[in-house]
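Beneath this line is the structure, given in structure tokens, with notes to follow.
The numbers here are math on the coordinates, done by the rules we state, and not lab data. Because the structure is a prediction, the values reported are computed rather than measured. Please note: Cβ atoms are built from the backbone with ideal geometry, for glycine as well, and neighbour counts cover all protein chains shown.
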Ligand code: CP
């Protein structure tokens with residue numbers, strides 16, 4: 001029996017995450033995708049492991065797919081939602097986490113409105129998976145995005161990926177940039193100048209403010225929504241003007257006469273950053289991304305809990 005394990009105990013950020021660990025997670029995710037195609041979509045891999053999903057920020061896809069991934073792996077899973085918790089009675093974040101983790105929980109999948117600091121991993125002995133921390137990183141989203149690209153193209157090295165929209169506030173953009181560059185893809189970002197971080201080129205990506213130029217260059221586009229909830233004041237003049245310059249419309253794509261792949265992490269604002277006719281077209285792999293999110297998170301939890309074994313095959 002061959003057992004391969006991750007070098008990292010946690011999955012906090014893709015910045016600096018070992019390439020071999022990403023490769024192992026992706027390879028294992030494709031095996032779990034096959035499990036999801038079986039009549040009985042459940043394996044005993046994490047029987048006896050207790051996992052808590054701590055969500056301090058809203059979520060649809062990430063929370064459900066983490067929970068589903070845990071159930072598919074036969075783990076015991078519990079959910080925490082900030083809006084119905086004793087945080088509302090004044091309990092601190094640290095006390096909340098410490099109290100929950102004292103119930104002998106082995107892993108926690110956390111979404112927070114602020115950066116997850118490494119210090120958080122030190123006051124409790126449990127594996128931590130970052131399910132999105134503010135405008136910083138969303139590593140599991142980037143893993144499922146890379147899995148979806150690999151599924152579509154068969155490879156990542158040399159792929160040209162355009163990321164369009166509110167890059168400044170996007171944890172998805174940051175984790176995609178770190179992950180994709182590490183895997184040998186090229187990344188170019190596009191959006192209004194005030195929604196592109198000033199130091200973005202330091203990350204190793206190119207910038208264009210011309211969406212048509214990006215479409216000509218890219219093999220796939222990852223479209224991001226405008227995160228109004230993270231802006232202190234409005235940073236775009238109007239959604240109509242935004243759509244004209246940076247919206248992925250059917251007419252704009254038709255002018256380019258090329259089969260570009262369209263991705264979106266969700267939630268979508270149809271008619272703003274993407275038109276329905278594009279989101280629901282054959283070019284879009286948006287719902288494949290969602291399914292791959294379950295397989296990716298099964299893989300991440302499994303690999304962090306002990307590793308890959310060829311007995312899965
Ligand atoms: N992509 C993503 O993180 O979606 P949710 O906010 O619905 O989890």
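Assuming a ≥ b ≥ c are the square roots of the Cα gyration tensor eigenvalues, decide whether the stretch 202-313 counts as rounded (a/c under 1.5), prolate (otherwise, with a/b larger than b/c) or oblate. Prolate, because a/c is 1.5 or more and a/b exceeds b/c.
The distance between label points at residue 89 and residue 241 comes to 4.9 nm (points 7 Å beyond Cα on the Cα→Cβ vector).
Under Stokes-Einstein, with the Kirkwood radius over Cα pairs as Rh, the value for the stretch 73-139 at 4 °C and 1.567 mPa s is 101 µm²/s. Residue ranges 70-79, 182-191 sort as 182-191, 70-79 when ordered by packing (mean number of other C-beta atoms within 10 Å per residue, highest first).
Tell me, in nm to one decimal, what length is gained between residue 60 and residue 208 on full extension, where the rule is 0.36 nm per residue of separation less the Cα-Cα distance? Mind showing how you got there, number by number?
Details: separation 148, 0.36 × 148 = 53.28 nm, distance 3.12 nm.
Stretched fully, the residue 60-residue 208 segment lengthens by 50.2 nm.
Mind pulling the angle between the C-alpha long axis of helix 61-72 and the longest principal axis of the chain? Nearest 10 degrees, somewhere in 0 to 90. The helix 61-72 is inclined about 40 degrees to the chain. Measuring between their Cα centroids, the stretch 266-285 and the stretch 1-79 lie 27 Å from each other.
Ranked by the mean number of other Cβ atoms within 10 Å per residue, highest first, peptides 173-181, 87-95 order as 173-181, 87-95.
Entry for the stretch 1-122 at q = 0.09, 0.18 Å⁻¹: log10 I(q)/I(0) = -0.30, -1.17, Debye formula applied to identical alpha-carbon scatterers, no solvent contribution.
Rounded to the nearest 500, what is the chain's calculated 222 nm mean residue ellipticity when only DSSP H runs of at least 4 contribute -39500 (n - 2.57) each, over all residues? Mind dumping the intermediate values first?
Numbers: 11 runs with 115 residues, N = 313.
After summing the helix terms and dividing by residue count, I get -11000 deg cm²/dmol.
Full extension of the chain segment joining residue 99 with residue 78 gains 6.2 nm, where the gain is 0.36 nm per residue of separation less the Cα-Cα distance.
Helix 19-35 versus the longest principal axis of the chain: what angle, 0 to 90°, nearest 10, using Cα atoms? Roughly 80 degrees, rounded to the nearest 10. In this structure, residue 122 and residue 231 have a Cβ-Cβ separation that, at R0 = 30 Å, corresponds to a calculated FRET efficiency of about 0.40.
Once you sort the root eigenvalues of the Cα gyration tensor of the stretch 20-90 as a ≥ b ≥ c, which label holds: rounded (a/c under 1.5), prolate (a/b larger than b/c) or oblate (the other case)? Can you show the working numbers first?
Details: a/c = 2.39, a/b = 1.93, b/c = 1.24.
Verdict is prolate for the stretch 20-90.
Dimensions of the stretch 97-231 along the principal axes, based on C-alpha atoms and rounded to the nearest Å, stand at 53, 36, 23, largest first. Compared with the direct C-alpha span, the chain from residue 270 to residue 27 gains 84.2 nm at full extension, assuming 0.36 nm per residue. On the principal axes of its alpha-carbon atoms, the chain has extents of 55, 49, 36 Å, going from largest to smallest. Rounded to the nearest 10 degrees, the angle from helix 139-153 to the longest Cα principal axis of the chain is 60 degrees.
May I have the convex hull volume per residue, in Å³, for the Cα set of the stretch 126-195?
Numbers: hull volume 5.9 nm³, N = 70.
Hull volume over Cα atoms, normalised by residue count, gives 85 Å³.
When the square roots of the Cα gyration tensor eigenvalues are ordered a ≥ b ≥ c, the ratio a/c for the stretch 170-263 is 1.5 or more and a/b does not exceed b/c, which makes its shape oblate.
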